[in-house]
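What follows is one structure encoded as C-alpha cells, with my remarks underneath.
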Amino acid sequence: EQYNNFNESELNREKIVPIIDDFHYVEDKEKHITNLLKYSLCVIIVDEIFNINIKDETLIYSFTTFRIKELKPSIRYELVKKWVGLSDKGFSYQGIDNNVELINNTLGRNIGKGLIPAYPFFILSTLFTYETFLPLNQDITSQGHCYQAFIYYYLGTKRGVKFDAMDVYLNFLSEVASYMHLTKKNELNPYDFSNFMKNYSSKYNLPISQDILLDNLFEIFSKNSFNNYKFKYQCFYYYFVAKAFSDHAEEPKEWERILDILHNLQIDENAYITVFLIHHSKKIGIFDEIERISSSLFSNYRPATLDKDELGFFDEQSHNIVKAVLPPTNHTPEMERNRRLKLEDQMEQSSDSEIEQVKGNGAAINDFRKAIKTVEVMGCIIRNRAGSLERDKLQNIFLDGMNVHLRLLSSFINIIKGDNEQKEIVEYISKRLSHLDEGKNPNEKLTEEKKKKYAYNIFWNANFFVIYGILYKIVHSLGSDKLIEISNQICENIDNPSSILVKHGILMGYEKNLQIDELNKRINENDFSKIAKKVAEMIVVDYSSVNQITYRDKQRIENTLNISRHRLK
C-alpha cells in the first residue's frame with residue numbers, strides 16, 4: 001500500500017537499497033541479480049549453498065559476502081538482559097542469570113563445545129518456548145522440550161506437515177539416527193543411505209515419497225555439498241538417537257548400548273545423548289545406573305569435609321593465602337560482569353587444539369574428566385526433571401553428585417598433604433620461576449631465597465583455589481532455583497563445612513540470597529577450618545561483586561564477616 005502509484009524514476013536511485021530475503025527460492029536468479037546491479041547498494045539474504053546455483057560467477061563477485069556469526073557470551077548476555085527488561089517483572093540479575101544458564105544449557109555449552117550455533121533465532125526461541133509453554137507442563141525436561149518445539153515448529157509451521165503426519169517424520173529421524181550411531185558414521189554416503197532406506201521401507205510403512213520426506217526435513221536432515229546425508233545440527237542427531245534408545249530400551253541389545261553410554265559420560269556425545277534420553281524415557285533403571293556409576297567414581301576416598309581435622313596442615317599456611325576483599329565504593333556489578341564476559345568470550349573463541357591440549361590423556365585425567373562430566377549430566381537430570389522425579393530420587397542424585405566432587409577433592413587433599421609431595425612441587429615451581437630471569441641483568445635476577453618464597457606462596461594459593469574451584473563446580477553443576485529446598489535439606493542434614501559452603505553457594509548463586517547472620521554463626525563454630533572460612537569469604541565477595549548491594553548492606557558484610565573493602569589509593 002505504501003508504494004502504490006509510486007514512480008521509482010522520481011527518486012534518486014542512489015537512495016534506494018533493495019533488501020530481498022529468501023532469495024535462494026527465486027527462479028532465474030541471474031536475471032534478477034543483473035537487474036539489481038543497477039543499484040549501487042542492495043542486500044540479498046540466501047542459504048549457505050546459494051552461490052553453487054549461479055553460473056555466472058562475475059555476478060557473485062560483485063557482492064561482498066557476509067555470514068552470520070554466533071553470538072559470543074557477552075552479546076548473548078546483552079540479548080538476555082533486553083529480553084528480561086521486556087517482562088512485567090522488570091530488570092533483575094536473578095532473572096538475567098537464570099535465563100543465561102537456560103540458554104547455555106539449551107545450546108549445550110554446559111557440557112561441551114555446544115549442540116547448536118548461538119544464533120539469535122535459537123536463543124530467542126528458547127526463551128519464548130520456556131516462558132510460554134514450559135510452566136504448563138513440568139513433566140518434561142526444559143532442554144528436551146525446547147528441541148522438541150524447534151522440530152514441531154519447523155515441520156508444522158515452516159513445512160506445513162499436519163500433526164497426524166508428524167509420526168512418519170519423527171520415526172524416520174529416530175531410525176536413521178540410530179543406524180548412524182550403530183555404524184559409527186557422522187554422515188551417510190549415497191550407497192549407505194540407499195541401503196538404509198531399503199531396510200527401513202521393508203520394516204515401516206512410508207506413506208510419502210522419499211523426495212517429499214527429505215524436502216520437508218531439509219533443515220533437520222539433508223544432503224550436504226559433499227553429496228552425503230547428515231543431520232544439519234548435532235543436537236538433532238543426539239535428540240533422535242536418544243529417542244530411538246528410549247523406544248527400544250526394553251530390548252536387551254539396546255539396553256547394553258545404553259549402559260555403554262552411561263559408563264562413558266566423559267565423552268561429550270554420550271553426555272548429550274544421556275540428557276536427551278532422560279527427556280524421552282522414564283525408565284527408572286537409567287537413574288539407578290547413573291547413581292551406581294557415580295558411587296564408583298573415586299570410591300577409595302571419603303567425601304571431603306573441610307573441617308579442622310582434615311585441613312589442619314593447610315590451616316598452618318592460611319597466612320599465605322590471598323585475602324578476600326570487597327569491591328571498592330565506585331564499583332558496579334556491570335563492571336565486574338563485563339570483565340568476566342570478556343574472559344568468557346576469549347575462552348569460547350579459543351581453538352579446538354587448545355581445548356584438546358587441556359583434556360590430555362592418561363587414566364588420572366580420564367577419571368577426573370569422567371567425574372566432572374557425570375556430575376554435569378546428573379545436574380542436567382535433576383534441573384530438567386525437577387517437577388516430575390520423586391523427591392527421594394532428586395535428593396539421591398543431588399547427594400551422589402555432590403559426593404563425587406567431594407571425593408575428588410579428598411583425593412587432591414591427600415596428594416598435597418605429604419611433606420615430600422609439597423617439597424617436590426615447590427622445587428618444581430621454583431625452577432620454573434628461573435625462566436623469568438632469562439635475559440635480565442645479574443642485579444635484577446631473583447635470589448634463590450626469593451624464588452623459593454614465591455614458589456611456596458604460589459603452591460599454597462593454587463591449592464586454595466583448587467578447593468574453591470571444586471566447590472564452585474558443585475554449586476554450578478547441581479544448583480538450581482527449582483531445587484533450593486532439596487539442596488538445603490541435603491546440606492543441612494550433613495552439616496559439615498563443605499556442605500554448608502555448598503548450601504550457601506547455591507542460595508547466593510540461584511536465589512540471590514545471602515544469609516549473612518546464619519553463615520557467620522556457622523563458620524565461627526569449632527569444626528570450621530581456617531581454609532573453609534576463607535572459601536566462605538571468597539564466595540561472599542564473589543556474590544557482592546556481581547550483584548547490586550546497598551552501601552548499608554556492604555557495611556554489614558564488612559562488619560559481620562570481617563571482610564575488608566578495597567581502598568583506592
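Where a number appears in this text, it was derived from the coordinates with a stated rule and is not lab data. This one's a predicted model, so the numbers in the text were calculated from it and none came from an experiment. So basically every Cβ, Gly included, is an ideal-geometry build from the backbone, and we count neighbours across all protein chains shown.
Comparing Cα centroids, region 318-337 and region 180-251 end up 53 angstrom apart. Region 391-443 and region 499-552 have Cα centres lying 23 Å from one another.
Between Glu421 and Glu187, the distance separating the two model label sites (each 7 Å from Cα on the Cα→Cβ line) works out to 4.8 nm. Using C-alpha pairs below 8 Å separated by at least 6 residues, the relative contact order for the chain is 15 percent.
Under 16 Å Cα to Cα from Lys158, which aspartates and glutamates show up? Leave out anything in the same chain fewer than 8 places away. List returned: Asp21, Asp22, Asp47, Asp215, Glu219. In summary, the lysines within cross-link reach of Lys282, defined as a Cα separation below 23 angstrom excluding same-chain residues under 8 places away, comprise Lys243, Lys253, Lys373, Lys393, Lys482. Each Lys and Arg Cβ is given +1 and each Asp and Glu Cβ -1; about its Cα centre, the chain then shows a dipole of about 1360 debye. Here region 8-61 is assigned +1 on the Cβ of each Lys and Arg and -1 on the Cβ of each Asp and Glu. Its dipole about the Cα centre then comes out at about 240 debye. With N the number of residues in region 8-61, Rg(Cα) / (2.2 N^0.38 Å) evaluates to 1.19. Here the chain is treated as a Stokes sphere of Kirkwood radius computed over C-alpha pairs; at 25 °C and 0.890 mPa s its diffusion coefficient rounds to 89 µm²/s.
Using a simple spin-label model with pseudo-atoms 7 Å out from Cα toward Cβ, Val43 and Ile19 lie 0.4 nm apart. Here the relative contact order of region 160-233, from alpha carbon pairs under 8 Å that lie six or more residues apart, stands at 33 percent.
Taking 7 Å steps out from each Cα toward its Cβ at Phe313 and Asn493 produces label points 3.2 nm apart.
For a modelled paramagnetic label at Phe91, 7 Å from Cα along Cα-to-Cβ, the residues of region 305-340 in reach, with backbone nitrogen under 16 Å, are 331-338. Here the dipole of region 205-306 is about 220 debye; that uses its Cα centre as origin and unit charges on the Cβ of Lys and Arg (positive) and Asp and Glu (negative). Using the Cβ-Cβ distance between Tyr551 and Glu10 with R0 set to 60 Å, the FRET efficiency from 1/(1 + (r/R0)^6) comes to roughly 0.45.
Of all lysines in the structure, those lying under 21 Å Cα to Cα from Lys31, and not within fewer than 8 positions of it along the same chain, are Lys55.
Over the residues of the chain, the helix contribution to mean residue ellipticity at 222 nm works out to -19500 deg cm²/dmol, using -39500 (n - 2.57) for each DSSP H run of at least 4. Hey, could you get me the Stokes-Einstein D for region 73-295, Kirkwood radius over alpha-carbon pairs, 4 °C and 1.567 mPa s, rounded to whole µm² s⁻¹? It comes out at roughly 69 µm²/s.
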